[in-house]
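**Student:** Right, I'll just put the structure down here and ask away after.
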Amino acid sequence: MKRLIYLSMAALLAFCALSCNKDDSEVKPGSIARPYTTEEAVKAVSNLTWTSNTEYETTDVVYVRGKITKVADSGNYKASGSFGNASFYIASDETPAYVLFCYRILYFKNQKYTGGPDIQEGDTVVVCGKLLNYKQNTPETEALTSYLFALN
């Protein structure tokens with residue numbers, strides 16, 4: 001009887017181990033589990049069209065990880081005052097070939113900034129939102145619908 005119980009438990013553990021062991025190829029790029037690099041983000045928007053400020057294609061909501069290479073003029077959260085958003089550029093490494101403009105990014109939980117840690121050059125961030133190709137030459141996030149998901 002003990003043998004049957006032990007065999008059943010071993011089979012159950014083996015099943016759990018196999019079903020819980022996810023292959024990395026199953027994880028979708030741009031997801032929370034595997035955010036896009038800035039190179040992948042730039043390539044994702046390369047074929048999107050732009051007609052006017054109110055008519056443009058966007059990606060689905062994605063996550064992008066990168067290091068802040070430049071904070072736009074008065075682009076940090078504290079400097080934006082009551083607007084509560086920030087604008088900055090991110091890249092995947094120190095010598096960026098692919099840069100994503102994070103335009104008017106809201107703070108954590110898709111809320112306006114009212115206080116807390118601010119951003120600065122060199123910070124590693126994950127942003128969440130839709131991406132677009134502004135006027136067919138500037139890969140960026142959609143303003144005021146994208147937000148800071150993680151900081152450092």
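The values are calculated or read from the model by the stated rules, or taken from the named source; none is laboratory data. Computed from a predicted structure; not experimentally measured. No Cβ is skipped: glycine too gets one built from the backbone with ideal geometry, and neighbour counts run over all protein chains shown.
**Student:** Tell me yes or no: at least one residue of the stretch 107-119 is of a type outside the set (Phe, Trp, Tyr), within 19 Å of Thr49 (Cα to Cα) and in contact with a Leu (Cβ under 9 Å, 6 or more places away or on another chain).
**Tutor:** no
**Student:** Moving on to the next point. Mind telling me which of the residues Gln136, Gln111 ends up being under 24 Å from Ser31 (Cβ atoms) and either more than 14 Å from the chain's Cα centre (by Cα) or among the charged types (D, E, K, R) (or both)?
**Tutor:** After ruling out the rest, the residue left standing is Gln111.
**Student:** Restricting to the stretch 91-133, and then to whatever is among the aliphatic types (A, V, I, L, M) and in a loop (DSSP other than H, G, I, E, B), can you tell me which residue is modelled with the lowest pLDDT? Outline the logic, then answer.
**Tutor:** Taking the stretch 91-133 and keeping what is among the aliphatic types (A, V, I, L, M), we get 91, 97, 99-100, 105-106, 119, 125-127, 131-132.
Now drop any that are not in a loop (DSSP other than H, G, I, E, B), which leaves 97, 119.
Numbers: Ala97: 87, Ile119: 97.
This residue is Ala97.
**Student:** Find the residue count for the stretch 71-90, including only residues that are modelled with pLDDT under 95 and either more than 19 Å from Tyr113 (Cα to Cα) or among the aliphatic types (A, V, I, L, M) (or both).
**Tutor:** 2
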